[in-house]
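The values are calculated or read from the model by the stated rules, or taken from the named source; none is laboratory data. Everything numeric in this text was worked out from a predicted model, so none of it was measured. Here Cβ is always computed from backbone atoms with ideal geometry, including for glycine, and neighbour counts include all displayed protein chains. SASA here: full protein model, heavy atoms, side chains in, ligands and nucleic acids out. Shrake-Rupley method; radii C 1.70, N 1.55, O 1.52, S 1.80 Å.
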Amino acid sequence: MRFEILRLDDIDGTPVDSTVVDAASVNRIVQQAAAIGQRIWIRPAEPSAL
């Protein structure tokens, strides 16, 4: 399964950029975001993003 990870603006929470990753990469990205206090939003990727 693939997921879209959106990096969110610190001020208003709007998406700044996004990337599509495989399930194995999600934990690493979450850990990195937590370490620096980055806000992210994770959702299943659209089939067209594959």
Note to self: On C-alpha positions alone, give me the angle between the axis of helix 23-36 and the longest principal axis of the chain, in degrees, nearest 10.
What the structure shows: 0
Next item on the list: Can you pull the one-decimal nm distance between simple spin-label points at residue 2 and residue 16, each 7 Å off the Cα toward Cβ?
Entry: 2.4
Check: Measuring with a 1.4 Å probe in the full set of protein chains, what accessible area per residue, in whole Å², belongs to the stretch 1-48?
Finding: 71
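Using only alpha carbon pairs under 8 Å that are at least six residues apart, calculate the relative contact order of the chain and give it in whole percent.
Worked out over the chain, it gives 48 percent.
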Item checked: Ratio of the Cα radius of gyration of the chain to 2.2 N^0.38 Å, where N counts its residues -> 1.12
